[in-house]
Amino acid sequence: MEFNEKLQSLRKSQGLTQEELADALFVSRTAISKWESGRGYPSIDSLKEISKFFSVSIDDLLSGEKLLSIAEKENKSNIRNMCDLLFGIVDLLSFVLVVLPLYPNTIDGFVYSVNLFNYTQTTGLNKTVCWIMFALLVVTGVVKIILTKIKAEKCGKSFMKISIVISILTVLFLTITREVYAVVVVFMLLIIKGIIFLKNIQNK
């Protein structure tokens, strides 16, 4: 007997509707319907709740092979979520490009490092472009974290690609304007994002 048949049998033996079982397990009725129709399997935590609720062992519900498959899939999902979250955090760190003294100001023959707020020895256009690019990276990071929390994986992947493109354009722009220290910071953040992105792909 397959898991979906076992679950349906256990539920009916207790005289429960799908909605009542869903309430007891703290999941949606859609989840119960999905499991009973064989279109998916519960997470390890949900399996534990089912086992406890019906007083049966997890081994009685699923074969060892299927259990390992679910655990592996769940582990990959957790790693992907962690990578997505870290990616968003790295983008948020782009804020340091505004507050750290990464830009040279020459005063009375001496070169001082200042933050973007106090940077005056560049054109207004260059400074505006820097503000726009850094703001875009921070906003992308915020959106990425939100998408991770609501588990919108497809949109999240798109924002990862957008973020990498913005970072590459930022590196190119800062290189052209010869903002050496800022280029180094953005390039380091880009490398970190690239590593996280590859790790995310490997755990599909």
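With the chain treated as a Gaussian network of Cα nodes joined by springs under 10 Å, which of 177, 120, 17 yields the largest mean-square fluctuation?
Per the Cα network of the chain with a 10 Å cutoff, 17 tops the list.
Pick from 173, 54, 95: which is most flexible by mean-square fluctuation in a GNM of the chain where alpha carbon atoms under 10 Å apart are linked?
Maximum fluctuation in the GNM of the chain, among the listed residues, is at 54.
May I ask you to list, by number, the DSSP H helices of the chain whose Cα span along the axis is at least 20 Å and whose average Kyte-Doolittle hydropathy reaches 0.5 or more?
Result, helices passing both filters: 124-149, 153-176, 180-202.
Rank these for me by crowding, 183, 165, 96, going from fewest to most other beta carbons within 10 Å.
By the 10 Å Cβ count, ascending, the order reads 165, 96, 183.
Under a point spin-label approximation (7 Å from Cα along Cα-to-Cβ), what is the residue 76-residue 184 distance to one decimal in nm?
Roughly 4.0 nm, to one decimal.
Given an 8 Å cut-off on Cα distances and at least 6 residues of separation, report the relative contact order of the stretch 46-204 as a percent.
That works out to 28 percent.
Using every pair of alpha-carbon atoms in the stretch 9-97, split the distances into 10 Å bins beginning at 0 and state the percent of pairs per bin, rounded to integers.
The calculated distribution, bin by bin, is 14, 38, 24, 13, 8, 2, 0.
In whole Å, how far is the Cα centre of the stretch 148-170 from that of the stretch 63-91?
Comparing the Cα centres of the stretch 148-170 and the stretch 63-91, I get a distance of 18 Å.
Scattering from the C-alpha atoms of the stretch 35-156 alone, worked out with Debye: what is log10 I(q)/I(0) at q = 0.10, 0.17, 0.21 1/Å?
Taking Cα atoms of the stretch 35-156 as identical point scatterers yields -0.56, -0.93, -1.11.
Kindly provide the helix-only [θ] at 222 nm of the chain, computed as the sum of -39,500 (n - 2.57) over DSSP H runs of four or more divided by all residues, to the nearest 500 deg cm²/dmol?
My calculation for the chain gives -23500 deg cm²/dmol from helical runs alone.
What size of dipole, in debye to the nearest 20, comes out for the chain about its Cα centre when the only charges are +1 on Lys and Arg C-beta atoms and -1 on Asp and Glu C-beta atoms?
440
Contour minus end-to-end for residue 34 and residue 202, with contour as 0.36 nm per residue of separation and end-to-end as the Cα-Cα distance?
The span from residue 34 to residue 202 would gain 57.7 nm if fully extended.
What whole-number distance in Å separates the alpha-carbon centres of the stretch 16-37 and the stretch 103-139?
Distance between centres, Cα-based: 57 Å.
Kirkwood hydrodynamic radius, computed over distinct alpha-carbon pairs, for the chain: how many Å, to one decimal?
Its Kirkwood hydrodynamic radius stands at 20.5 Å.
What is the list of residues in the stretch 183-198 whose amide nitrogen lies under 18 Å from a point 7 angstrom out from the Cα of residue 85, following Cα to Cβ?
193, 196-197
Read-outs: derived from the displayed coordinates by stated rules, not from any lab. Note that this is a predicted model, so its numbers are computed, not measured. Cβ sites come from the backbone with ideal geometry, for glycine too, and all protein chains shown count toward neighbours.
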